[in-house]
Structures are given as C-alpha cells and as structure tokens.
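Working notes for the structure below.
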C-alpha cells in the first residue's frame with residue numbers, strides 16, 4: 001500500500017523520504033497553495049453580505065506544484081497531509097484536501113513536531129481528520145486582515161502618504177491607545193482626603209477608616 005505524504009518544506013520532504021523508503025512518496029507543497037481572491041465589493045474577495053464567505057483561488061506559482069501532487073496521488077492508495085502543526089498548517093491541509101478529494105483517495109492529517117525517524121514513524125500511526133475549527137480560526141484571521149487592511153490602509157495613505165498599511169491588531173490597539181489618551185485629557189482632578197486611624201486596646205492594634213471622601 002503506497003502512501004503520499006505532503007509536507008511544506010522541500011528539505012523536510014527529502015529527509016523524511018530517506019527515513020521511510022519506497023513505500024512512501026514524500027513531496028512538498030511549498031506552503032499555501034491558495035490565496036484569498038481580490039474582487040467583488042471593495043475588492044475584498046469576501047462576500048460581506050453572505051456571512052463573510054471568502055473566495056479562494058489557486059496561486060499562480062503553485063499550479064505546477066498541485067499538478068505534481070495530483071500525479072503522485074494517483075499512484076498512491078492514501079494521502080497523508082503533514083503540513084506544520086499550527087493553524088496556518090491546518091489551513092494548508094484543508095485547502096490541499098479540497099483540491100485532492102476528487103481523486104477519491106483516503107485523506108488524513110498527520111503531525112510531525114520534530115523531524116527524526118522515531119517521531120515520524122510514531123506520528124504516522126496517529127492519523128486524524130483535518131481540524132475544521134483550527135482551519136476556521138485561520139480563515140477568520142485572514143478575512144479580518146483583508147477587511148481591515150483594505151479599508152484602513154487607503155485612509156492612511158490618503159492622509160499620511162504612500163507605503164503605509166494597517167492590520168487587524170495594530171489598528172485596534174491604536175484605537176484603544178487613542179481612546180485612553182482622550183480619557184486622560186478630559187479628566188478633571190478633584191482634591192479630597194481620606195481618614196485612617198491606628199487604634200489599639202489592651203489586646204491588639206487595629207486600623208479603622210472613614211468609608212467616604214472628605215471634599216474641600
């Protein structure tokens with residue numbers, strides 16, 4: 001039973017191939033094979049009126065990569081996607097599965113956290129499906145990058161000049177800093193006093209406080 005293993009890095013592919021031998025074909029997808037399209041309203045590539053549905057296209061520089069993967073998959077009985085163990089890797093796995101599922105070969109996900117023979121052999125026994133939740137976490141981040149970037153970046157360039165861009169994290173943090181600075185500027189100071197007295201009896205020392213503020 002011949003198996004195709006897909007990893008991200010060509011160097012990893014060569015190393016893993018040496019570990020596993022002729023029962024496996026190990027190839028690299030060289031990272032993401034798809035990208036978020038540009039087009040539609042505001043050029044988002046995201047249908048903001050249909051539950052923010054994204055539209056993906058095959059990257060131009062990955063056409064030959066996908067063709068090589070499909071040719072190899074046709075010679076194999078199973079496809080194992082071993083992209084990196086993070087949400088970007090899960091997104092890569094999801095898109096590879098979508099592109100290869102028409103071949104009607106079993107497709108599973110495996111994770112190689114280190115590249116040594118013992119770990120590789122053990123990981124091949126721990127197969128699972130693509131984690132849809134992890135993929136959607138990456139997808140949501142990618143959509144937010146596009147929405148915020150495409151809307152905020154032109155505004156910045158119009159006011160402050162070219163070569164400026166905005167992202168989902170720094171834009172929100174900047175707004176929080178500005179809001180806080182405005183609160184500080186609008187703050188009106190008041191002079192007041194609190195009363196605290198140290199007391200004692202025959203048994204112990206204790207502190208008592210007046211619960212309110214004395215205004216002048």
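Taking the numbered list (1) within 27 Å of residue 56 (Cα to Cα); (2) crowded, with 17+ Cβ neighbours inside 10 Å in turn, residue 124 passes all entries but (1). State the number of residues belonging to the range 72-84 that are within 18 Å of residue 142 (Cα to Cα) and surrounded by fewer than 17 Cβ atoms within 10 Å (Cβ to Cβ). Selection size over the range 72-84: 0. Within the range 1-22, being free of Cβ contacts under 8 Å to residues at least 60 places away in the same chain and in contact with a strand residue (DSSP E or B) (Cβ under 7 Å, 6 or more places away or on another chain) holds for 9, 10, 13, 17. Scan the range 39-51 for residues that are exposed (fewer than 13 other Cβ atoms within 10 Å of the Cβ) and not in a helix (DSSP H, G or I) and the total you get is 4.
Considering the conditions (1) assigned to a loop (DSSP other than H, G, I, E, B); (2) touching a helix residue (DSSP H, G or I) at 6+ places or on another chain (Cβ under 9 Å); (3) without any contact (Cβ under 8 Å) to a residue 40 or more places away in the chain; (4) within 30 Å of residue 150 (Cβ to Cβ), residue 32 is excluded by exactly one of them, (3). As a summary of the residue check, residue 26 satisfies the conditions (1) free of Cβ contacts under 8 Å to residues at least 40 places away in the same chain; (2) surrounded by 19 or more Cβ atoms within 10 Å (Cβ to Cβ); (3) not in a strand (DSSP E or B) except for the one numbered (3). Checked against the criteria, residue 142 counts as modelled with pLDDT under 95, under 11 Å from the mean Cα position of the chain (by Cα) and surrounded by 15 or more Cβ atoms within 10 Å (Cβ to Cβ).
None of 177, 173 is modelled with pLDDT of 75 or more, more than 19 Å from the chain's Cα centre (by Cα) and surrounded by fewer than 16 Cβ atoms within 10 Å (Cβ to Cβ) except 177.
Residues in the range 1-23 that are surrounded by 14 or more Cβ atoms within 10 Å (Cβ to Cβ) and assigned to a helix (DSSP H, G or I): 12, 13, 15, 16, 17, 19, 20.
Just one of the listed residues (100, 58, 69, 134) is modelled with pLDDT of 95 or more, surrounded by 12 or more Cβ atoms within 10 Å (Cβ to Cβ), under 23 Å from the mean Cα position of the chain (by Cα) and under 23 Å from residue 17 (Cα atoms), and it is 100. Answer yes or no as to whether residue 165 is surrounded by 10 or more Cβ atoms within 10 Å (Cβ to Cβ), outside any helix (DSSP H, G or I) and within 30 Å of the chain's Cα centre (by Cα). Yes; evaluated as a whole, the condition is true for this residue. Restricting attention to the range 20-42, the residues that are under 22 Å from the mean Cα position of the chain (by Cα) and more than 16 Å from residue 135 (Cβ to Cβ) total 4.
The values are calculated or read from the model by the stated rules, or taken from the named source; none is laboratory data. Since we're looking at a predicted model, the values are computed, not measured. Cβ coordinates were reconstructed from backbone atoms using ideal geometry, including for glycine residues, and neighbour counts include every protein chain displayed.
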